[in-house]
Amino acid sequence: MNLEKYKGIIPAFYACYDELGEISESRTKELCNYLYKKGVKGLYVGGSSGECIYHSLEERKATLKYVAQQLKGKLTLIAHVGAPSTRDSVILAKYAEELGYDAVSAIPPIYFKFSESSVYKYWTEIMDATKMPFIIYNIPQTTGFDLSINLFKRLIENQKVIGVKNSSMPVMDIERFKATAGEEFIVFNGPDEQYVSGRIIGADSGIGGTYGVMPELFLMAEKFVSAGDFENARKIQHDINDIIVALCSLNGSLYSTIKEVLKLNGVYIGSVRGPLESVSGDDLNKIAGIKALIDNAIQKYKG
């Protein structure tokens, strides 16, 4: 299998709503075009940044369909199919396969505290449902389940498992997963705040929730890391982290803030779905300043 198509900057795709808060086909495709023109490697569709846990099964299928219609064959498309039930996860995986996605991925099951054997069975049943490559998604800070090396070893015995999207905060986790699985396996850096350090310690690629609002900066960071220019890589990570702190500083969801910045860039994809909170009041006056932080950083490293 050619794993090169999974190496690069892969934004986590945002949920796109119309004025009534319903999934919008036109706005989904508008965001597809915007990110495609930025030169990203692929898209991770239907994950945390896509507000997946607040969408019905049919809404999730609609987003997968609209993205595939717009970008199949143009970018690497990874469908996140994790859902509260194995049944729904399998339905989404099969649908992604029908649409021609390159791979599927899933968080562990949520809400109840699950044993490793339960999580293993859940992920394996998703894998068994299609012929597609599978990418484990480890994000313990939101799911409450931390992927152990022992379970990881069991999972990678299945040849369908080609990678892990690791969003745990310890950078050492990336190094351990890479050391365990070897070179013919993709480790995706998850925490945007540590993209550079994640890449240096073993990550092959990155999937991130803030990539979509500043793809230029992550593309430049990847360029610096690939060239061994670690001084500039460190500097751009510093600027990225300043922006992430600003994005998280308002009274509202991170994704609402991101969507307000995108709106100033001419890409209007609505706000967020409750219980996620929209940015409002005086905080809306701070959006232009966050956009300026991004624009200034882009200009600093351009060329």
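The values are calculated or read from the model by the stated rules, or taken from the named source; none is laboratory data. What you see is a predicted model, and the numbers here were worked out from it, not measured in a lab. Note that each Cβ is placed from the backbone with ideal geometry, even for glycine, and that neighbours are counted across all protein chains shown. With ligands, DNA and RNA removed, areas are computed over all heavy atoms of the protein, side chains included. Shrake-Rupley method; radii C 1.70, N 1.55, O 1.52, S 1.80 Å.
List of remarks:
- Close pairs (8 angstrom Cβ cut-off, 6 or more residues apart or separate chains): without any contact (Cβ under 8 Å) to a residue 24 or more places away in the chain in the stretch 248-262, part of a helix (DSSP H, G or I) and crowded, with 23+ Cβ neighbours inside 10 Å anywhere: Cys248/Thr257
- Filtered residues of the stretch 116-156 (kept if surrounded by 20 or more Cβ atoms within 10 Å (Cβ to Cβ) and acidic (Asp, Glu)): none
- Candidates are the residues of the stretch 243-266 that are over 20 Å from the mean Cα position of the chain (by Cα) and more than 25 Å from Ile53 (Cα to Cα); the one that is surrounded by the most Cβ atoms within 10 Å (Cβ to Cβ) is Leu264.
- Extreme residue, farthest from Tyr255 (Cα to Cα), among residues of the stretch 68-81 that are in contact (Cβ under 8 Å) with a residue 40 or more places away in the chain and open to solvent by 30 Å² or more (accessible area, probe 1.4 Å): Gln69
- One residue from Val196, Val187 being within 29 Å of Asn265 (Cα to Cα) and crowded, with 19+ Cβ neighbours inside 10 Å: Val196
- The number of residues in the stretch 267-302 being within 17 Å of Thr210 (Cα to Cα), without any contact (Cβ under 8 Å) to a residue 12 or more places away in the chain and surrounded by fewer than 14 Cβ atoms within 10 Å (Cβ to Cβ) comes to 2.
Residues are listed down the side, and each one gets a yes or a no for (1) under 30 Å from Phe112 (Cβ atoms); (2) in a loop (DSSP other than H, G, I, E, B); (3) in contact (Cβ under 8 Å) with a residue 24 or more places away in the chain:
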{"site": "Pro11", "(1), (2), (3)": "no, no, yes"}
{"site": "Tyr36", "(1), (2), (3)": "no, no, yes"}
{"site": "Glu58", "(1), (2), (3)": "yes, no, no"}
{"site": "Lys61", "(1), (2), (3)": "yes, no, yes"}
{"site": "Tyr66", "(1), (2), (3)": "no, no, yes"}
